[in-house]
Structures are given as structure tokens and as C-alpha cells.
Amino acid sequence: MFLPLRDENPTTRFPYVTVLVIGLNAAVFAVQAAAPHGLELAALKFGAVPYEITHFRSLAAAVRVPPLLSLVTSLFMHGSVLHILGNMLYLWIFGNNIEDVLGPLRFGFFYLAAGLAAALTQVMAMPSSRTPMIGASGAIAGVLGAYMILFPRARVKTLVFLFIYVTIIPVPAGLLLGFWFVMQLLSVGFGGGVAWFAHVGGFLAGIGMILAVRRRRPLRAG
């Protein structure tokens, strides 16, 4: 098991959009958590349900956002403290460099596009599922895919657990994120309440988008 802590990859400008997205997620989670049964109700109201999207109708029209809009609202919902902390940690470590390369506006579109691609991948993989899908993981997976392409040699300080042995070591981003992606692929089909297909779809979408942008204009990479 591993947990990235920070990267050794300085930026040239402040990551306004990354900070904004983290702030929005934190604010939404705080509102959710403050209400009775808030986390569960928010997932039911704002989560993306594959069945609704593939059948073009809501299962509970009186209490849920429209199916297509839920693809966006679900990106800002989280089910637990660990869920949001893990996602925001990954976004902070890797998102600021991608924003630095793309610029705030393009990074905002990139993030949303990766999130939508991730959610639609999950929908296509499980079109009849009636379980609400929530979390920023798919969008952040797109950020990870872009980072792996642009900064494969960047060092990431990583907390590594090997049974009873715990240490912090610098790991090349290409190795770390490549391993992360392989683990998502191996986990597909195991369920466990995790949208594994969304992780895979978001990661591949991030790679595809950053390669397309790089073909059109040079990007700073390392």
C-alpha cells in the first residue's frame, strides 16, 4: 500500500482553480455532514445513477436533480471523511502542476471533461445500475493520467506500507501513477462500492486530452 504525500515539482503560478475545486468540495461536504443523514441523502439527490442516464428518466423526479445534470453534481459529492481527504490530497499534489501547464481556464475545462468522461465510462460499463455514483475520483484520475504523461520523472514523496514496515521514499511519478492505474484495472469487477470503471475512464481521458493539447502547442513538461 502507498500514499503520496507531496511531489518535488515546483510550479510557476498559484493554482487558483485547484484551490477553488478543493474549497468547493470541502464546503459541499461540510453542508452534507451537518444535516441529519446528510451524506446519504445528498448521494440520493445529487449522485449520478447509470440507469437514469441510459433510460433518460429519473427514478425519483421529486427529489433528484435531472439525470444529465447529476453527472456534474456527483463530482462534488463524497461519502465519508476518508473519501474526500484522499481525493483532495491527490488533487492538491498533482493538480497544481497540470493547472500550471494548462492555465486556470483550460484546467477547469480539463477537470470537468475528465470527470464527465469518467462518469460516462461507469455508466456504459454498468448501464442498469441503480446505485448513485459520487466523488471526484474520476476527474482526479484524469489529472493523474495527464501528470504521468507530462512529468513521468518527477519525484513524489510516498508513504509506503509493507506489512509492518513503513517508510517514506521518493518514487518517480511515472512508476507511481502507472502502478495506481494497474491497480484500478485489476480491481474492475470487484465492486466494493467503488466506481473502478470511472477511475479507468478518467485516467485514459486525461491521457488522451493532454496528448491532444500537446500536439496543438508545446507544453512545459519534465
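All of the numbers you see were taken from the coordinates with simple rules; none came from a lab. What you see is a predicted model, and the numbers here were worked out from it, not measured in a lab. Because the Cβ atoms are built from the backbone with ideal geometry, glycine has one as well, and the counts that use them run over all protein chains shown.
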Q: Measure nothing but the geometry: give the 0 to 90° angle between the long axis through the Cα atoms of 196-216 and the longest principal axis through the Cα atoms of the chain, rounded to 10°.
A: 50 degrees
Q: Given the peptides 30-39, 173-182, 79-88, arrange them by the average over their residues of other C-beta atoms within 10 Å, most packed first.
A: 173-182, 79-88, 30-39
**Q.** For the chain: Kirkwood Rh in Å [reciprocal of mean 1/r, alpha carbons]
**A.** 17.8 Å
Q. Please state the relative contact order of the range 2-216 as a whole percent: Cα pairs under 8 Å, 6+ residues apart?
A. 27 percent
Q. Between the helical axis of 173-187 and the dominant principal axis of the chain, each derived from Cα atoms, what acute angle in degrees is found, rounded to the nearest 10?
A. 30 degrees
Q) So how do 90-103, 121-134 stack up, highest first, on mean other-Cβ count within 10 Å? A) 90-103, 121-134
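So how much slack lies between Ala27 and Phe179, counting 0.36 nm per residue of separation and subtracting their Cα-Cα distance, in nm?
51.6 nm
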Q: Hey, can you grab everything whose amide H is under 5 Å from the amide H of Ala154? Only 5+ residues off in sequence or another chain; H modelled, so Pro and N-termini drop out.
A: Ala173, Gly174
Q. Under a Cβ-Cβ cut-off of 12 Å, what is the net charge of the residues other than Arg155 that fall near it, where Lys and Arg count +1 and Asp and Glu count -1?
A. +1
Q | Estimated dipole of the chain in Debye, rounded to 20 [Cβ of Lys and Arg +1, of Asp and Glu -1, Cα centre] | A | 540 debye
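I'd like the per residue volume of the convex hull spanned by the Cα atoms of the range 1-122, given in cubic angstrom.
Taking the convex hull of the Cα positions in the range 1-122, it is 123 Å³ per residue.
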(Q) If I fit a long axis through the Cα atoms of helix 81-102 and take the longest principal axis of the Cα atoms of the chain, what angle between them do I get, 0 to 90°, rounded to 10? (A) 50 degrees
(Q) Just to be sure I understand the model, the point goes 7 Å from the Cα along the line to the Cβ. What's the resulting Val72 to Leu5 distance in nm? (A) 3.9 nm
